[in-house]
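So the structure is just underneath, and the comments pick up after that.
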Amino acid sequence: MLVSKNKVVSFFYTVKDDNGVILDQTESGKPFSYLHGAHQIIPGLENELEGKNVSDHFSVHVDAENAYGLHDDNLVMTVDRSYFGTEPLEKGLQLQIQSQDGFHIVTVVDFTEKNVTIDANHPLAGVNLNFDIEISDVRDATKEELEHGHAHGHDMEEDYEEDDEDDEDIEFSSDED
Ligand code: ZN
């Protein structure tokens, strides 16, 4: 079965930046699963998976633009130090903050006693991604998966969604029916 719209695809991956530093990878024996065509994964990767088959093993280079976007300087801002309470700060520290549209990860760029400069870009904004992919399964999505717009049945799914789309509360309410 080939990867196409409305298939649930499972694959193992390692992703590195252009310097060969590993940014993320699937644990051994635990593939990542997603619903193809539902924009669950970055577009540059989803496009490359189209038409691939089970046990295909290949590399994909995704430019930052088609991954987590280019770095937006407007998202670097200075806020009052008190916003972080007594939290010990250091350059490069990543913190989760809540705003009207959900949780965001911000990176501390610099700080003084009064102010903190934070970068609200996605930690991988501006980073080109180099994936090594091995497809382990392709199957038809269930009716429920199509209704929800995502794959079910793997622990990885929840981690991925928290990082990416913050749609967990929608998910909880729809599962109670
Ligand atoms: Zn669901």
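Odds and ends about this structure:
- Count - residues of the stretch 55-79 that are surrounded by 13 or more Cβ atoms within 10 Å (Cβ to Cβ), touching an Asp or Glu at 6+ places or on another chain (Cβ under 7 Å) and modelled with pLDDT of 95 or more: 2
Yes or no, residue by residue, for (1) away from the ligand (no atom under 16 Å from the Cβ); (2) closer than 16 Å to Gly102 by Cα; (3) at pLDDT 95 or above:
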residue	(1), (2), (3)
Ser136	yes, no, yes
Ala141	no, no, yes
Asp155	no, no, no
Asp163	yes, yes, no
Ile170	no, yes, no
Ser173	no, no, no
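- Glu145 being within 16 Å of the ligand (Cβ to nearest atom), within 21 Å of Tyr13 (Cβ to Cβ) and at pLDDT below 85: no
- Condition check for Glu113: away from the ligand (no atom under 16 Å from the Cβ), assigned to a loop (DSSP other than H, G, I, E, B), surrounded by fewer than 16 Cβ atoms within 10 Å (Cβ to Cβ) and modelled with pLDDT of 90 or more: yes
- Filtered residues of the stretch 82-108 (kept if within 22 Å of the chain's Cα centre (by Cα) and of a type in the set (Val, Ile, Thr)): Ile97, Ile105, Val106, Thr107, Val108
The values are calculated or read from the model by the stated rules, or taken from the named source; none is laboratory data. For clarity, every value in this text was computed on a predicted model and none was experimentally measured. Cβ atoms come from the backbone with ideal geometry, glycine included; neighbour counts cover every protein chain shown.
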